[in-house]
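Peer 1: First the structure, which I've put down as structure tokens, then a few questions once you've had a look.
The values are calculated or read from the model by the stated rules, or taken from the named source; none is laboratory data. Computed from a predicted structure; not experimentally measured. Please note: Cβ atoms are built from the backbone with ideal geometry, for glycine as well, and neighbour counts cover all protein chains shown.
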Amino acid sequence: MSSIFGIFHRDNKAVDKEIIYKMSDSMSYWHPDDRGMWFHDQVALGHAMLWNTPESKFEKLPAKQDHIVITMDARLDNRSELALQLEVPNFSHSRITDSDLILRSYLKWGEQCPRYLLGDFSFVIWDEIGQKLFCARDHVGVKQFYFHLSDKLFVFANDLKGLVSHHIFPLTINNSAVANYLVNHQLVSSTLTFFNDIIKLDPAHTLTITSQHVKKRCYWKLEDAPAVKLSKPEDYIEKLRQLLEQAVHDRIRSSYQVTSHLSGGLDSSSIAVIAARKLREKNRQLLAFNWLHEPGEEDDTTHYEWSNSKSIAKAENIEHHYLSLSTSDVYTFITHHDIAYGATTVFWYEYPLRQAAQNKGSRTILSGWGGDELATYHGQSFYSDLLVKGKIWKLFHELIARIAKGNKGIKPILGTIYYKLFIPLIPRSLHGKIIKRAGRKPPFAFVRQEFMVEVNKELKKKSALSMQPQKTIRAHMLAYWYNAHIQSRVESWASDAVASRLEYTYPLLDKRIMEFVIGAPPECFVKNGVGRHLFRSAIKGLLAEKIIWSDAKYEPRRVERLAGMVLSSSKMITADEKFKAGPDSYINRQKIFELLNTIDHCVVSKTSLNTLAEAETALLLSISKAIQYSFSKGKNAYECENTLNGLSQSKGK
């Protein structure tokens, strides 16, 4: 979670050191353990250090080796393998730094070096001989990278606050990003930010900047993962277990307290148990949190939302906590939250979790996010995959098993065939026309009419990226991957965690696991009508059998309680006359107030939750200080043009 930043004057103008000092100060609000800067004529690199891994305390960044200088935010997971490939003399895990390994990798492989790195990383290297900046971001995008690019200037940082803290380039609002946010209830894009002149470097991409040229390359694609062919079914289970153990092991490499989510479901629970056992070997204890509140007298403590995590924690000697969250807390979180700085996917329970973890001295949070889409895939496209591959007898057997598990009667049987077999086979372009969508189409009653043109454009894009099951499991996983909602969550939590001096890590998004599961045969994912079969089998012995094979997923008590607190808080904010009178180029604030008042506190349904999500999204947009500041400067948002995208395209030709 270390902060990185820098400037490259492409017109050879000398760097103004005062600007770098201001960037350093603006990115040090979280009280870093160390800070450093490096200057050379038209280039300046900066760093604010968070110590976490044992070797990070030996880092002095920016660091120079031969003719190259690096600033980075990274955790490498293949350090031993890299040391062998790079022929590092007297390699010591406890002393050699990740920056040293990355610099050596660049000297050996040049701009291809990210292909050889495994882990979470975002780094920039200044090559004095080539007179170029080389930037790289990890495969998943766990580490952030934002930049501004013009003919004369390149400015970068992994924290948006570092880029908007000064005014060496204009800050205007990107209409497409606002519309994207309103439609998706989060900013779902691999490149967009709310600012026209700041974009993100895509995950698994590099960017090379010289005075005359700009070159962006993709160095890894999930779809390039080969098919996995092992001797027998048990081998797939054993392999996934090995990969899972390794992924967790690599992410608990911390000199500080390690924290984990522990909801009692499959993903977070299996990760927590592995982490607890590995830490226990070193006489350390895992700290874990369940998003749910401490059960009271009126609560059923035997319900799985409470009992699963508690029983797991007791069995594995995990320090276990529920989370306290009140309407007053949610009100405070909402009023202090600014989506403009990257945290557009909001989970209010994470705020007290991060505070509690920080108070316990933690600097790492393990999360099971990303599992449903890949490693713990439910098997939605399983039946159509068998049909496409001509495995008719297997298909017949599994359909019968699926039907036998569900409700009896002709209608449920036809429903199973329709949703599990027919829907994945129809062309993706027809999904929106044929499939009856659950819930309702967002009315966007709160959006000003003149902005609905942009909103309708985003609605069409969302329809084209429908997440309905595809013909094959592999195609469905890739659709999830390129939908960018995984990246949105990862980036949002990273942005929000900076102030708490915490890093989120995602074992189920480990590159090795993702490549393995997307290459595994379809038979791995469903067996005898039971989904998530590969993962359930791989975690045998970690959790109780009743938890492993349970289909309980929805958390009604937590969701209903949180919805009530969000609704009450939002009504308090929007009822304030100062809020209603505030300026907004996109939203009619009175309409948000009216929309919220259509929701009954006592009735929590899918429709009311959708309405609440729409209102909360509009509210967070309206109270963004950074966005409102841009309006107050007198710039008409509808006249803004995204010149950066055009510049990038022309430079890359």
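Peer 1: Find all pairs meeting these conditions: Cβ atoms under 7 angstrom apart; at least six residues apart or on different chains; first residue within region 45-73 and among the basic types (Lys, Arg); second residue at pLDDT 95 or above.
Peer 2: The qualifying pairs are Lys57/Trp51; Lys60/Gly36.
Peer 1: Let me ask something else. Taking Lys215 as the residue in question, decide whether it is charged (D, E, K, R), over 30 Å from Ala315 (Cβ atoms) and in contact with a Gly (Cβ under 8 Å, 6 or more places away or on another chain).
Peer 2: On the way: charged (D, E, K, R): yes; over 30 Å from Ala315 (Cβ atoms): yes; in contact with a Gly (Cβ under 8 Å, 6 or more places away or on another chain): yes.
Yes: the conditions hold for Lys215.
Peer 1: Here's a follow-up. Could you say which residue among Phe156, Phe121 is assigned by TED's automatic domain parsing to the domain that holds Arg10, assigned to a strand (DSSP E or B) and surrounded by fewer than 23 Cβ atoms within 10 Å (Cβ to Cβ)?
Peer 2: Working: Phe156 fails: surrounded by fewer than 23 Cβ atoms within 10 Å (Cβ to Cβ).
The unique qualifying residue is Phe121.
Peer 1: So Leu595 ticks every box in (1) of a type in the set (A, V, I, L, M, F, W, C); (2) modelled with pLDDT under 75; (3) over 27 Å from the mean Cα position of the chain (by Cα) but one. Which box is left unticked?
Peer 2: (2)
Peer 1: Another question about this same structure. If I go through region 534-562 residue by residue, how many of them are surrounded by 18 or more Cβ atoms within 10 Å (Cβ to Cβ) and closer than 27 Å to Thr327 by Cβ?
Peer 2: First pass over region 534-562, keeping only residues surrounded by 18 or more Cβ atoms within 10 Å (Cβ to Cβ): 534-539, 542-543, 547-548, 555, 558, 562.
From the residues that got through so far, the ones that are closer than 27 Å to Thr327 by Cβ too are 555, 558, 562.
Within region 534-562, residues that are surrounded by 18 or more Cβ atoms within 10 Å (Cβ to Cβ) and closer than 27 Å to Thr327 by Cβ number 3.
Peer 1: How do the pairs read when you match residues in region 562-588 that are closer than 17 Å to Ala613 by Cβ with residues anywhere that are of a type in the set (Asp, Glu) and part of a helix (DSSP H, G or I), using Cβ under 7 Å and keeping only pairs 6 or more apart or on different chains?
Peer 2: Correct list of pairs: Val566/Glu616; Ser570/Glu616.
Peer 1: Going through region 216-254 one residue at a time, which ones are of a type outside the set (A, V, I, L, M), in contact with a Ser or Thr (Cβ under 9 Å, 6 or more places away or on another chain) and farther than 27 Å from Tyr349 by Cβ? Step through it out loud before you land on a result.
Peer 2: Start the filter on region 216-254 by keeping residues that are of a type outside the set (A, V, I, L, M), which leaves 216-221, 223-224, 226, 229, 231-236, 238-239, 241-242, 245-246, 249-251, 253-254.
With the extra rule that they be in contact with a Ser or Thr (Cβ under 9 Å, 6 or more places away or on another chain), the set shrinks to 216-219, 233-234, 236, 241, 250-251, 253-254.
Result: Lys216, Arg217, Cys218, Tyr219, Pro233, Glu234, Tyr236, Arg241.
Peer 1: Looking at (1) part of a helix (DSSP H, G or I); (2) under 22 Å from Glu560 (Cα atoms), find the lone condition where Thr344 falls short.
Peer 2: Thr344 satisfies all of (1) part of a helix (DSSP H, G or I); (2) under 22 Å from Glu560 (Cα atoms) except (1).
Peer 1: If you check Met49, Met1, Met37, Met72, which single one turns out to be among the aliphatic types (A, V, I, L, M) and at pLDDT below 95?
Peer 2: Working: Met49 fails: at pLDDT below 95; Met37 fails: at pLDDT below 95; Met72 fails: at pLDDT below 95.
The match here is Met1.
Peer 1: Could you list, in sequence order, all residues of region 385-423 that are of a type in the set (Gly, Ala, Ser) and part of a helix (DSSP H, G or I)?
Peer 2: Ala401, Ala404, Gly415, listed by residue number.
Peer 1: Next question, about the same structure. In region 572-590, what residues are among the charged types (D, E, K, R) and either surrounded by fewer than 18 Cβ atoms within 10 Å (Cβ to Cβ) or under 25 Å from the mean Cα position of the chain (by Cα) (or both)?
Peer 2: Looking only at region 572-590, we keep the residues that are among the charged types (D, E, K, R), and these are 576-578, 580, 584, 589.
Asp576, Glu577, Lys578, Lys580 - these are the residues of region 572-590 that are among the charged types (D, E, K, R) and either surrounded by fewer than 18 Cβ atoms within 10 Å (Cβ to Cβ) or under 25 Å from the mean Cα position of the chain (by Cα) (or both).
Peer 1: Count, please, the residues in region 78-95 that happen to be over 27 Å from the mean Cα position of the chain (by Cα), surrounded by 15 or more Cβ atoms within 10 Å (Cβ to Cβ), in contact (Cβ under 8 Å) with a residue 12 or more places away in the chain and assigned to a loop (DSSP other than H, G, I, E, B).
Peer 2: Matching residues across region 78-95 total 2.
Peer 1: Go through (1) outside any helix (DSSP H, G or I); (2) under 28 Å from the mean Cα position of the chain (by Cα) and name the single condition Arg561 misses.
Peer 2: (1)
Peer 1: Still on this structure: Filter region 466-487 down to the residues that are closer than 23 Å to Gly342 by Cβ and touching a residue at least 60 places away in the same chain (Cβ under 8 Å) and list them by number.
Peer 2: Residues satisfying the conditions are Tyr480, Trp481, Asn483, Ala484, His485, Ile486, Gln487.
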